[in-house]
1. Total Å² of accessible surface buried at the B-A contact, 1.4 Å probe, nearest 100?
2. Mind grabbing the accessible area of A:LYS35 for me, 1.4 Å probe, Å², rounded to tens?
3. Over what distance in Å are the Cα centres of region A:21-64 and region B:31-63 separated?
4. For the charge dipole of chain A, defined by +1 on Lys and Arg C-beta atoms and -1 on Asp and Glu C-beta atoms about the Cα centroid, which residue among A:ALA86, A:ILE107, A:ALA18 has the Cα displaced farthest towards the positive pole?
5. Could you give the semi-axes, largest first, of the ellipsoid that matches the protein assembly as shown, computed as the square roots of 5 times the alpha carbon gyration tensor eigenvalues and rounded to whole Å?
6. Counting only helical runs of four or more DSSP H residues, what would the 222 nm mean residue ellipticity of chain B come to if each run contributes -39,500 (n - 2.57) and the total is spread over all its residues?
7. Based on DSSP H assignment, which helices of chain B show an axial Cα extent of at least 15 Å together with a mean Kyte-Doolittle hydropathy greater than or equal to 1.0?
8. Any chance you could list the semi-axes, whole Å, largest first, of the equivalent ellipsoid that the Cα gyration tensor gives for region B:55-140, using √(5λ)?
There are 2 protein chains.
Amino acid sequence: MSPKRGVAPLRRAEIVRATIRCLARDGYSGLTMKKVAREAGVSQGILHYYFADKRAILVAALETVTADLDQRVAAAQSREGRDPRARLLALIAACLRLAVEERAFWIVFVEFWGEMMHDRALREINAALYARTRRLIGAVVAQGVRSGVFRRTDVLRAAAVILGLVDGVSLQLTFDPTAFRVAEATRFCSDAVMRYLAREVS
Amino acid sequence: MSPKRGVAPLRRAEIVRATIRCLARDGYSGLTMKKVAREAGVSQGILHYYFADKRAILVAALETVTADLDQRVAAAQSREGRDPRARLLALIAACLRLAVEERAFWIVFVEFWGEMMHDRALREINAALYARTRRLIGAVVAQGVRSGVFRRTDVLRAAAVILGLVDGVSLQLTFDPTAFRVAEATRFCSDAVMRYLAREVS
DNA sequence: CGAAGATAATTGGTCGCCCAATCAAAAAAG
DNA sequence: CTTTTTTGATTGGGCGACCAATTATCTTCG
């Protein structure tokens, strides 16, 4: 490795990516600076050149994973144009597929949950993501309400329900892959959400 | 501490309870044998007399937490007699209250999730709990279907939806207590489940 | 243009700490 | 006096952090 000027931000990002790979492979409790350095193909010392300590790397890793999840979910939903129903279904499908097909990201994310319980900084990064996601889902629901395809409801609470359902089912899918298939889970989650938002038949 | 004969099982249980308290206080990554011994008021050496290694203690801890959650949920639901609606609502309320009021248990449980990703034994303990809980919820739903208060549906999938919703909302409640109050969450979750299971109005 | 110094990037070794696990010996109970 | 239970010191190893030395790049100025 020959030192090049001006590549600091790239190196930083590479270290973070290596960290995420390590977390996905060996878990939170198996993460060491040595392994991260090895995975990134750099020396151990350099980790402390770019990050104050191990915790700073972990914070950066959570920020990266969080931003990535955010982007993927937003993208999946926006691809579907203006139909609120289609947007919501795409969002649900994207979340569930993520948990199975992009295992690495989802695993790392779940691993952080445990640590968040004892680390305010991590907890706040996550709380911000969830607030943003609820706002996104809420906006889609609100659009559906305005255009009359969904019933009138408190959109933020509805968003909490939908997000919770997706997370909870993703967990079940992750812990026991024999319980359901992704396609199946997508179907019954979508069905549940559509029933939940369906207009009253009066 | 004076050694008494025949108290082996009690000592074991005390060590496990101390472990759970430690996990709740300092988290998974902060758990050390020294801390557990101190919390249990015994010497470090004795931990290895009752358990092969640290991992065995953790497995026992997860089994205990799991059994406890199982029991609490089952109890809350069975207290409500025969009305499927009341039983289901009691179950939902119990789960959400647990996540907030019995923080220690819920925190420890979430902490294990991360480790389960890399530990088959832990994962299987959890998978068994979830399968059991789904069966329990499924049975309540089935009863409601038979007695005509719920629509006809695949009860195991409905159970996955209900359990997922409760877990997911519990998580949101834990990570960001400012987002919702427990009572509020209980209300909108119950509402969502009742809408989900409501008979079609034809 | 090109040497020389300053600066940025990188290395690998070292340090002290704390960990899980082990064990010989003691203490209590049968 | 044997067996079960408990102790606390020890051991070997791996950890995160630190740092002096090295290399590469940029800047300055003769």
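The values are calculated or read from the model by the stated rules, or taken from the named source; none is laboratory data. All values reported here derive from a predicted model rather than from experimental measurement. Every residue, glycine as well, gets a Cβ built from its backbone with ideal geometry; the counts of neighbours run over all protein chains shown. We work out accessible area using only protein heavy atoms, side chains counted, and drop any ligands, DNA or RNA first. Shrake-Rupley method; radii C 1.70, N 1.55, O 1.52, S 1.80 Å.
1. Numbers: alone 11440 and 11480 Å², together 18940 Å².
Result for this pair: about 4000 Å² buried.
2. Its accessible surface works out to 80 Å², give or take rounding.
3. 29
4. A:ALA86
5. Details: eigenvalues 270, 195, 50 Å².
Here the semi-axes work out to 37, 31, 16 Å.
6. Details: 9 runs with 155 residues, N = 202.
Taking each H run of at least 4 residues, the total per residue is -26000 deg cm²/dmol.
7. Details: long enough: B:8-26 (27 Å, -0.07); B:54-78 (36 Å, 0.34); B:84-101 (25 Å, 1.14); B:103-116 (20 Å, 0.81); B:120-146 (38 Å, 0.13); B:155-175 (30 Å, 1.65); B:182-197 (22 Å, 0.38).
Those that pass (Cα extent of 15 Å or more, hydropathy at least 1.0) are B:84-101, B:155-175.
8. Numbers: eigenvalues 130, 38, 18 Å².
They are 26, 14, 10 Å, listed largest first.
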